[in-house]
Amino acid sequence: MSGTVIRRIVIVGGGTAGWMAAAALAALVKRPDLSIRLVESEEIGTVGVGEATIPHIRSFNQRLGLDEDVFMARTQATFKLGIEFRDWGRLGDSYIHPFGAYGRSIDRVGFHHHWLRLRRSGAAADIHDYSLPVVAARMGRFTRPETDPRSLLSTFSYAFQFDAGLYAAYLREYAEARGVVRTEGRVTEVEQHPDSGHIRAVTLDRGDRIEGDLFIDCSGFRGLLIEGALKAGYEDWTQWLPCDRAVAVPCDTVEASIPYTRATALEAGWSWRIPLQHRVGNGYVYSSAFLSDDQAVERLMGRLEGPARAEPRMLRFTTGRRRRQWLGNCVAIGLSSGFLEPLESTSIHLIQAAITNLVELFPDTGFDPADADEFNRVMDLEYDRIRDFLVLHYNATQRDDTPFWDHCRTMAVPDSLAEKMALFRERGVVARYRDGLFLEPSWLAVYFGQRMEPDAWDPLSDRAPDAALADTLETLRTSIQRAAAAMPSHEAFVRACCAAGGHA
């Protein structure tokens, strides 16, 4: 296979991962002789991974040339400024992890160090009052940010909350218009080369035999190619992320549309609320060691704000990742590559990251092991660092009111996270990664939102006079309040620019 020109791509599985991959490869890999075929079966349901996203999805859509207002209308989308976390530090607590900054550095010292210093003397408000996306989200307001760095409206970003099934259908239209061929059928046999072990063809239940040079596994949790055929192996992270099940159900919208997702800590896990234009997505992610399936369904259905639109849907999973996501001539993307629960809306981001890395490392002729090694290195880092950030939510809690939370509060965490937490507790330093998804404001949101404050701050902050620093912070706080209050309501903004049906 070393000299084979890559001309035939076969994607096994549709859904969000499959059609994102098909659309991106069709648009971004410029080869006139390249064919892309996607195989999926209507008999096999999709998980519909990820209704809530993070801001990186905007760059993916932009690279494809999608009109944002049309995309939002087609997918019943709303805007998202962050994620609200309720009852995670203690019962009754609430904070928002924003897609934006807390204040600005002063005299080259991070804002949170100045805030810590004033907070100890009672001269500062809650740190979330210094974040425009947090204040706007709490007011239910939204506008798109500005590009002028001097403006407060440049200090935040945004993402979307959308119907994943509609997004996959939208991208299917896009991909097929660019030459992608869809084949209906269920894979019943995977044929491998006797010497290299590379996948040579797949056979469908209807008898079709489909050959390919590069195979992309988007078959979901099964990992039909990467695991079923190639035996890549799986790294289980249940010891740090004990939730292994979820129940999901949509319901009618009752409350006004809000520009954020909500994650509420419950007795054995957490529930999500994702507001779309036409409905609300709800779910309960929980540990079967601490709660039965029947109890989870009962708990979730009792929390719905409106009538349910479907029967509850159960999912079982094991958090972790494949030991190799690119193996031979097969690349796993989406749930076939691993699973991290949707606490920070990273599922679609991991699909996007894999596609981006594949496009950058796309093989010309044959399969250089160095390309696969680099792909796996980058994706392993992505998974590992998201894992650490998710584990932080569970471990940085003071709750001991249920056996589940007592377990999470006292469990051992990965060494990489333990070092990061210790550094922050000691002197307020957020360790910076060269690669990795979540930046300093994200870590600060969880640290402070869950009552984890450091013992000290950057001593360079002490150079600023107390009174002057207090005036600076108060001016910033009131400016943020005014800027948020001047925005239109989120509901009005959606109606004006991207209401479903307005861009048919």
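Residue by residue, here is whether (1) in contact with a Leu (Cβ under 8 Å, 6 or more places away or on another chain); (2) at pLDDT 95 or above holds:
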| position | (1), (2) |
| --- | --- |
| Leu300 | no, yes |
| Leu304 | no, yes |
| Asn329 | yes, yes |
| Gly334 | yes, yes |
| Ala354 | no, yes |
| Val359 | yes, yes |
| Thr365 | no, no |
| Asp373 | no, yes |
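For region 153-174, indicate whether the set of residues that are more than 28 Å from Ala496 (Cβ to Cβ) and either touching a helix residue (DSSP H, G or I) at 6+ places or on another chain (Cβ under 8 Å) or surrounded by 15 or more Cβ atoms within 10 Å (Cβ to Cβ) (or both) is non-empty. Within region 153-174, one or more residues are more than 28 Å from Ala496 (Cβ to Cβ) and either touching a helix residue (DSSP H, G or I) at 6+ places or on another chain (Cβ under 8 Å) or surrounded by 15 or more Cβ atoms within 10 Å (Cβ to Cβ) (or both).
Look at region 221-236: where a residue is within 16 Å of Arg316 (Cα to Cα) and assigned to a loop (DSSP other than H, G, I, E, B) and a partner is of a type outside the set (Val, Ile, Thr) and at pLDDT 95 or above, sitting 6+ places away or on another chain with Cβ atoms under 6 Å, you get Gly223/Ser336. Could you run through region 69-126 and say how many residues are charged (D, E, K, R), in a loop (DSSP other than H, G, I, E, B), out of contact with any strand residue (DSSP E or B) (no Cβ under 8 Å at 6 or more places or on another chain) and within 30 Å of Val280 (Cβ to Cβ)? Residues meeting the conditions: 2.
Those strands (runs of 3 or more DSSP E) of region 294-342 in which at least 1 residues are of a type in the set (A, V, I, L, M) and either under 25 Å from the mean Cα position of the chain (by Cα) or under 20 Å from Thr261 (Cβ atoms) (or both), considering only elements entirely within it, cover 313-316, 330-332.
Scanning region 358-371 for any residue that is under 15 Å from the mean Cα position of the chain (by Cα), in a helix (DSSP H, G or I) and surrounded by 15 or more Cβ atoms within 10 Å (Cβ to Cβ) turns up nothing.
For beta carbons closer than 7 Å, sequence separation of 6+ or different chains, a first residue in region 438-455 that is under 15 Å from Gly103 (Cβ atoms) and a second that is among the aromatic types (Phe, Trp, Tyr) and outside any helix (DSSP H, G or I), the qualifying pairs are Pro441/Tyr102; Leu444/Tyr102; Ala445/Tyr95. May I ask you to verify whether Arg138 is in contact with an Asp or Glu (Cβ under 9 Å, 6 or more places away or on another chain), more than 15 Å from Pro441 (Cβ to Cβ) and in a helix (DSSP H, G or I)? Spelling it out, Arg138 is indeed in contact with an Asp or Glu (Cβ under 9 Å, 6 or more places away or on another chain), more than 15 Å from Pro441 (Cβ to Cβ) and in a helix (DSSP H, G or I).
The values are calculated or read from the model by the stated rules, or taken from the named source; none is laboratory data. Here the structure is a predicted model, which is why all the values come from computation and not from measurement. Backbone-built Cβ (ideal geometry, glycine too); neighbour counts: all protein chains shown.
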